[in-house]
Amino acid sequence: MQKVISNSEEDYLEAILALSNGKGGVRVTDIANTLNLSKPSVNKAIKNLKERGLVTHESYGPVYLTINGECIAKNVETRHIILRRFLKDILGVEEQKAEDEACAIEHSISIDTIEKLSTFLDKLEKKKGLL
């Protein structure tokens, strides 16, 4: 049975997805810089993600998302985008604060709620041309 993915693991997968930009592998150094963490911390996390089948990585080589890892990363990225859009564009939260808060909320919001929020934003955009 697969254990639940942690917030931190979601952040790693999301960072790898963003850094790879659909072009392949990512260096551990780039992940560390993006997440403002040490390389040893990132290496430990990558080892755990590899054991869970979410990334592939050979020593000193690039990190690649597996199909499962990419699916999780894209899900987290989508939640983040929807939340940031709502906070910034609808509630008027300042850009950096909206970014930071979307990152915090994305880990705990349910699929049902994020789908309803996305539908709401889409309807609002069509109705009022706000977004």
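The values are calculated or read from the model by the stated rules, or taken from the named source; none is laboratory data. Note that this is a predicted model, so its numbers are computed, not measured. FYI the Cβ positions are ideal-geometry reconstructions off the backbone, even for glycines, and counts take in every protein chain you see. Side chains are part of the model used for accessible areas, which takes the heavy atoms of the whole protein and leaves out ligands, DNA and RNA. Shrake-Rupley method; radii C 1.70, N 1.55, O 1.52, S 1.80 Å.
Might you tell me the accessible area per residue for the chain, computed with a 1.4 Å probe and given in Å²?
Value returned for the chain: 64 Å² of accessible area per residue.
With runs of 4+ DSSP H residues as the only contributors, calculate the mean residue ellipticity of the chain at 222 nm using -39,500 (n - 2.57) per run, divided by the residue total and rounded to the nearest 500.
-20500 deg cm²/dmol
Let's test the formula: R0 of 35 Å, r as the Cβ-Cβ distance of Ile67 and Leu35. What FRET efficiency results, to the nearest 0.05?
So, using R0 = 35 Å, E works out to roughly 0.95.
Whole-Å semi-axes of the stretch 34-98's equivalent ellipsoid, largest first, each the root of 5 times a Cα gyration tensor eigenvalue?
On the way: eigenvalues 185, 46, 11 Å².
Each semi-axis is √(5λ); the values are 30, 15, 8 Å.
So if I average 1/r over every pair of distinct C-alpha atoms in the chain and take the inverse, what Kirkwood radius in Å does that give?
15.8 Å
Could you list which residues have their amide H under 5 Å from that of Val55, counting only those 5 or more apart in sequence or on another chain, with H placed in the peptide plane?
Placed amide hydrogens put Lys50, Thr66 under 5 Å from Val55.
Please find the FRET efficiency linking Leu124 to Arg27, where r is the Cβ-Cβ separation and R0 is fixed at 41 Å, and quote it to the nearest 0.05.
After rounding to 0.05, the efficiency reads 0.55.
Could you tally the net charge around Thr66, taking each other residue with its Cβ under 10 Å from the Cβ of Thr66, Lys/Arg +1 and Asp/Glu -1?
Residues near Thr66 contribute +1 overall.
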